[in-house]
Amino acid sequence: MKALQIFTNEYLKKCSEMTADQKLKFLEDFRKLHFEKKEKTPSKLISIKVPIDLLNAFKQKAKLESVPYQTQIKKLMKEWLLKSNIQ
């Protein structure tokens with residue numbers, strides 16, 4: 001089953017106000033993020049403070065969905081970048 005994207009009126013308005021250069025940059029960034037280089041890109045170890053109850057709940061939900069929790073964090077980061085790429 002394919003996911004259905006639903007766009008808010010605010011998002012659509014923002015998209016309609018984008019310049020041609022902004023649209024091209026978005027498409028190029030999207031292409032790079034999803035289709036370029038299938039090889040593993042280098043990762044950087046980071047340290048972040050997260051409330052214990054939030055981390056435990058996140059790990060539990062990831063486990064229930066059979067997804068490594070750090071993989072899910074990276075997925076959410078990518079989705080957020082794509083969603084907020086229109087400036």
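Here, each number is a calculation from the coordinates, and none is a lab measurement. For clarity, every value in this text was computed on a predicted model and none was experimentally measured. No Cβ is skipped: glycine too gets one built from the backbone with ideal geometry, and neighbour counts run over all protein chains shown.
Do any of LYS14/LYS78; LYS14/LYS40; LYS14/LYS44; LYS44/LYS75 go past 22 Å between their Cα atoms, and which? If you can, show how the numbers build up before the last one.
Working: LYS14/LYS78 20 Å; LYS14/LYS40 33 Å; LYS14/LYS44 33 Å; LYS44/LYS75 15 Å.
With Cα atoms farther than 22 Å apart: LYS14/LYS40; LYS14/LYS44.
At 222 nm, what value in deg cm²/dmol follows for the chain if DSSP H runs of at least 4 each add -39500 (n - 2.57) and the sum is divided by all its residues, to the nearest 500? Can you show the working numbers first?
Values: 4 runs with 52 residues, N = 87.
Here the helix-only value at 222 nm equals -19000 deg cm²/dmol.
Determine, for ASP53, ASP29, the number of other Cβ atoms within 10 Å of each Cβ, and report the residues in order from fewest to most.
ASP53, ASP29
Determine, at each q value in 0.14, 0.21, 0.23 (inverse angstroms), the log₁₀ of I(q)/I(0) that the Debye formula gives when each Cα of the chain is one equal point scatterer.
Debye intensities relative to I(0), on a log10 scale: -0.75, -1.17, -1.22.
For helix 20-35, what angle does its Cα long axis make with the longest principal axis of the chain, in degrees from 0 to 90 and rounded to 10?
Orientation of helix 20-35: about 40 degrees from the principal axis.
Can you grab the distance from the C-alpha centre of region 44-83 to the C-alpha centre of region 1-35, Å, no decimals?
Region 44-83 and region 1-35 have Cα centres separated by 24 Å.
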